[in-house]
Amino acid sequence: MQKIENYINGELIAPQAGKYIDNYEPATGQVYSLIPESTDDDLALAVTAADNAKESWAAMSQEQRSNLLLKLADAIDAASDELAKAEAIDNGKPINFAKAVDCYRSAANIRFFANAATQFASESHGMGMVGVNYTLRDPIGIVGCISPWNLPLYLFTWKIAPALATGNCVIAKPSEITPMTAYLFSKLCIQVGIPKGVINILHGTGPSIGGPIVAHPKIKAISFTGGSATGKLIASVAGPALKKTSLELGGKNPTLVFADCDFEETVSEVARAAFSNQGQICLCGSRIYIERSIYDKFKQAFVEKISKLRIGDPLEESIQHGALVSKPHMEKVLSYIELAKQEGGEILLGGKRISIEGRCKDGYFVEPTIIENLPLDCRTNQEEIFGPVCTLQPFDSDEEAIALANGTEYGLATSVWSNNLKRCHKMSQALEFGIVWINCWLLRDLRTPFGGVKSSGVGREGGFEAMRFFTEPKNVCIKY
Ligand code: NAD
């Protein structure tokens, strides 16, 4: 069986302790490869490699560093078919989605930050005839990047790219649930000649290697994307060690549909927002609030649209809805559907596990599920399910829509669907989220700040926000 290897000091190597864990293909429920269960010994090797590499990487000209990263982006594009297939097998997502979203964005992330670094300037503050300040922005040194399973290579590169572009060396850990594309990525790093030790990729679970990365004294900053509970745990370790942290956490995102929206387009886009990647995107809109006057019309059109999604083997090009990422995750999603029923929810569509004929008969497939008749304060509407489950609820006024939207502990993203410009601006002001989309969802400009408020995180990624996070400002004050 294929064994994934760690990438340390420019080489692919087995874990020091020789231990591996099983890697499942979610669409079949079968183990198909093995993942290193890395430990402190692997981390020690990676930190030594990064320590040895960090001065020359930081001293390299920006142009040279950016050119290497651009080569890496090109290598991802060239390997896009192989990477998309690997992502579909490892994660259960439809192969077309993996290609159009995951692979496309992974290359775009690296290309974007390679270019952004050439435009990143530090500030100066003149003091008239008294003097001048200028600010240096040096790399931090060695940084840790920890990513989740839902958009594996996409979110992995989203962190690594700005860290490397600003001259840091990286110790990175992909999710143990979807390690394959990070492993293939390490081969691309070797292929394009990323210098030894500049990026090190360690595989394993949170307790075996994630925790040690966060705690290691030579790793000075942690960029983390994952669940809010893990984020809080990481903050409790990184905080007392006074490390810089960027925490991109969970969400329970509301979608607000007004009677004056462009109806057909809104139905399509709200459907995409709720069920893309089987609802496993932190930005998915899983609480859908609809102005009462169009509630029944919208409900009917929405249920009809979702009932037509083609569910099946993620490796088939025509499939739109694949498997959930793991058995425990599928069980969690199904338990929330049961909870929704107990809470009085009425299932309008779906609600069950599905068996697909053929090679996917034991896969982790759950029907796209639409529920109504649940209040804001029930657990189904308060807790992140992170699967193909959404709830519908009517509202009567702008004020009520705002109160419903803001009424959870999360504040990652929201979308508003209306042609009333004044309302959209006023809502944007009142909504407590890091990202507000008006008449769109997941329309991304990589220059913009990305992240959430409340339990959805601390700090922002994207554009110069990420470049600032991965650099240490030093002000130099000169008196004339
Ligand atoms: P998770 O928190 O379980 O794991 C994320 C990563 O952290 C994994 O690599 C895991 O191995 C590692 N980890 C676990 N325990 C750790 C510890 N104690 N110390 C260090 N690392 C540890 O999250 P998940 O289940 O992989 O991902 C789903 C979650 O991620 C959802 O809550 C989703 O909303 C969130 N997410 C957020 C964003 C965002 O940008 N805000 C994007 C994608 C996913």
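Select from segment 413-449 the residues that are acidic (Asp, Glu) and closer than 22 Å to Ser268 by Cα and list them in ascending order. Before the answer, list the steps.
Within segment 413-449, the subset acidic (Asp, Glu) is 432, 445.
Of everything in segment 413-449, just one residue is acidic (Asp, Glu) and closer than 22 Å to Ser268 by Cα, namely Asp445.
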Quiz item: With segment 229-295 as the region, which strands (runs of 3 or more DSSP E) entirely inside it contain at least 1 residues that are out of contact with any helix residue (DSSP H, G or I) (no Cβ under 6 Å at 6 or more places or on another chain) and farther than 22 Å from Glu409 by Cα?
Solution: 244-248, 285-291
Quiz item: Looking at segment 377-405, which of the residues that are part of a helix (DSSP H, G or I) and in contact (Cβ under 8 Å) with a residue 60 or more places away in the chain is surrounded by the fewest Cβ atoms within 10 Å (Cβ to Cβ)?
Solution: Gln382
Quiz item: When residues of segment 162-185 are filtered for being farther than 23 Å from Pro328 by Cα and either free of Cβ contacts under 8 Å to residues at least 12 places away in the same chain or of a type in the set (A, V, I, L, M) (or both), how many remain?
Solution: 7
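Results for (1) assigned to a strand (DSSP E or B); (2) farther than 30 Å from Asn133 by Cα; (3) within 13 Å of the ligand (Cβ to nearest atom), shown as yes or no for each residue.
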| site | (1), (2), (3) |
| --- | --- |
| Lys422 | no, yes, no |
| His425 | no, yes, no |
| Gln429 | no, yes, no |
| Glu432 | no, yes, no |
| Cys440 | no, yes, no |
| Ala466 | no, no, yes |
| Asn475 | yes, no, no |
Quiz item: Can you find a residue in segment 88-101 that is open to solvent by 10 Å² or more (accessible area, probe 1.4 Å), of a type in the set (Gly, Ala, Ser) and more than 30 Å from Phe386 (Cα to Cα)?
Solution: no
Exercise. Looking only at segment 158-169, decide whether some residue is touching a strand residue (DSSP E or B) at 6+ places or on another chain (Cβ under 8 Å), within 16 Å of the ligand (Cβ to nearest atom), over 15 Å from Asn109 (Cβ atoms) and at pLDDT 95 or above.
Key: no
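Any residue in segment 177-184 that is within 16 Å of the ligand (Cβ to nearest atom), closer than 17 Å to Ser246 by Cβ and surrounded by 24 or more Cβ atoms within 10 Å (Cβ to Cβ)?
Here is the first cut: in segment 177-184, the ones within 16 Å of the ligand (Cβ to nearest atom) are 177-183.
Those still in the list that are closer than 17 Å to Ser246 by Cβ too: none.
No, because not a single residue in segment 177-184 is within 16 Å of the ligand (Cβ to nearest atom), closer than 17 Å to Ser246 by Cβ and surrounded by 24 or more Cβ atoms within 10 Å (Cβ to Cβ).
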Practice problem: Report yes if some residue within segment 265-287 is surrounded by fewer than 18 Cβ atoms within 10 Å (Cβ to Cβ) and out of contact with any Leu (no Cβ under 9 Å at 6 or more places or on another chain); otherwise report no. | Solution: yes
Quiz item: In segment 18-45, which residues are in a loop (DSSP other than H, G, I, E, B) and either aliphatic (A, V, I, L, M) or under 11 Å from Ile4 (Cα atoms) (or both)?
Solution: Ala27, Glu37
Quiz item: With Ala221, Ala238, Ala229, Ala259 as the choices, which residue is over 23 Å from Glu87 (Cα atoms) and either of a type in the set (Asp, Glu) or away from the ligand (no atom under 16 Å from the Cβ) (or both)?
Solution: Ala259
Quiz prompt | Residue list for segment 311-345, filter: part of a helix (DSSP H, G or I) and open to solvent by 10 Å² or more (accessible area, probe 1.4 Å) | solution = Lys327, Pro328, His329, Glu331, Lys332, Leu334, Ser335, Tyr336, Glu338, Leu339, Lys341, Gln342
Quiz item: Among all residue pairs at least 6 apart or on different chains, which show Cβ distances below 6 Å where the first residue, located in segment 63-78, is over 15 Å from Ile160 (Cβ atoms) and the second is surrounded by 15 or more Cβ atoms within 10 Å (Cβ to Cβ)?
Solution: Asp77/Ala107
Exercise. List the number of the failed condition for Val257; all other conditions in (1) among the aliphatic types (A, V, I, L, M); (2) more than 30 Å from Gly210 (Cβ to Cβ); (3) open to solvent by 30 Å² or more (accessible area, probe 1.4 Å) hold.
Key: (3)
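The values are calculated or read from the model by the stated rules, or taken from the named source; none is laboratory data. Just so we're clear, the structure is a prediction, and the values are computed from it rather than from any experiment. No Cβ is skipped: glycine too gets one built from the backbone with ideal geometry, and neighbour counts run over all protein chains shown. The area values use the complete protein model at the heavy-atom level, side chains included, leaving out ligands, DNA and RNA. Shrake-Rupley method; radii C 1.70, N 1.55, O 1.52, S 1.80 Å.
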